[in-house]
Amino acid sequence: MNIVISPKSEKPIYEQLYEQLSSQIMKGELPANYCLPSIRFVAKELNISVITVKKAWEMLESARLIYTRAGIGCFVSDLSEAHLKDKKYTAAKERISKDIDYYKSLGLTLDELIELIKDEYNKNKT
């Protein structure tokens with residue numbers, strides 16, 4: 001589990017945690033039934049509030065990416081490849097839906113936006 005928090009980001013820290021962990025889960029970097037570190041441990045390691053970590057964990061659980069076993073801890077859900085693929089597409093679609101009005105307000109055509117996405121995607125390949 002690799003988490004990098006940016007205090008200068010416009011995104012709240014709990015969203016940064018959620019996005020990074022959900023991405024790691026959907027890419028298979030955190031395997032099924034992997035035990036996440038405790039909320040208190042993560043808060044201490046990242047020097048952030050327990051409440052912030054708890055909110056991210058709750059979001060992960062709501063998205064069914066993790067599950068909790070009382071008194072034991074939180075674990076990565078055992079999701080099929082098809083389910084993970086659906087989650088990836090759903091997450092991408094939600095992000096695009098939030099941003100599309102902004103791109104339209106800039107006067108970008110669909111073709112211009114697609115070309116921009118292709119350019120950025122190819123430039124930032126990991």
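The values are calculated or read from the model by the stated rules, or taken from the named source; none is laboratory data. What you are looking at is a predicted structure, and each value in this text was computed from that prediction instead of being measured. Note that we place each Cβ from the backbone using ideal geometry, even for glycine, and neighbour counts take in every protein chain shown.
Can you confirm whether residue 77 is of a type outside the set (A, V, I, L, M) and in contact with a strand residue (DSSP E or B) (Cβ under 8 Å, 6 or more places away or on another chain)?
yes
For the stretch 9-23, enumerate the residues that are out of contact with any Ser or Thr (no Cβ under 7 Å at 6 or more places or on another chain) and not aromatic (Phe, Trp, Tyr).
If the condition is that a residue be out of contact with any Ser or Thr (no Cβ under 7 Å at 6 or more places or on another chain) and not aromatic (Phe, Trp, Tyr), then 9, 10, 11, 12, 15, 17, 19, 20, 21, 22, 23 are the ones that fit.
Name the single residue that is surrounded by the most Cβ atoms within 10 Å (Cβ to Cβ) among those in the stretch 35-50 being among the β-branched types (Val, Ile, Thr) and within 14 Å of residue 16 (Cα to Cα).
Checked the stretch 35-50; the qualifying residue surrounded by the most Cβ atoms within 10 Å (Cβ to Cβ) is 42.
Quick one: which of 39, 66 is in contact with a strand residue (DSSP E or B) (Cβ under 7 Å, 6 or more places away or on another chain) and either charged (D, E, K, R) or within 16 Å of residue 14 (Cα to Cα) (or both)?
On inspection, the qualifying residue turns out to be 66.
Only one of 44, 55 is basic (Lys, Arg), in contact (Cβ under 8 Å) with a residue 40 or more places away in the chain, under 23 Å from residue 4 (Cα atoms) and assigned to a helix (DSSP H, G or I). Can you tell me which?
Going through 44, 55 in turn, just one is basic (Lys, Arg), in contact (Cβ under 8 Å) with a residue 40 or more places away in the chain, under 23 Å from residue 4 (Cα atoms) and assigned to a helix (DSSP H, G or I): 55.
For the stretch 21-34, enumerate the residues that are part of a helix (DSSP H, G or I) and either buried (at least 17 other Cβ atoms within 10 Å of the Cβ) or touching a Phe, Trp or Tyr at 6+ places or on another chain (Cβ under 6 Å) (or both).
21, 22, 24, 25, 26
How many residues does the stretch 69-89 contain that are surrounded by 12 or more Cβ atoms within 10 Å (Cβ to Cβ) and either modelled with pLDDT of 90 or more or polar (S, T, N, Q) (or both)?
Number satisfying all stated conditions: 5.
Which residues, taken from the stretch 90-123, are aromatic (Phe, Trp, Tyr) and surrounded by 10 or more Cβ atoms within 10 Å (Cβ to Cβ)?
103
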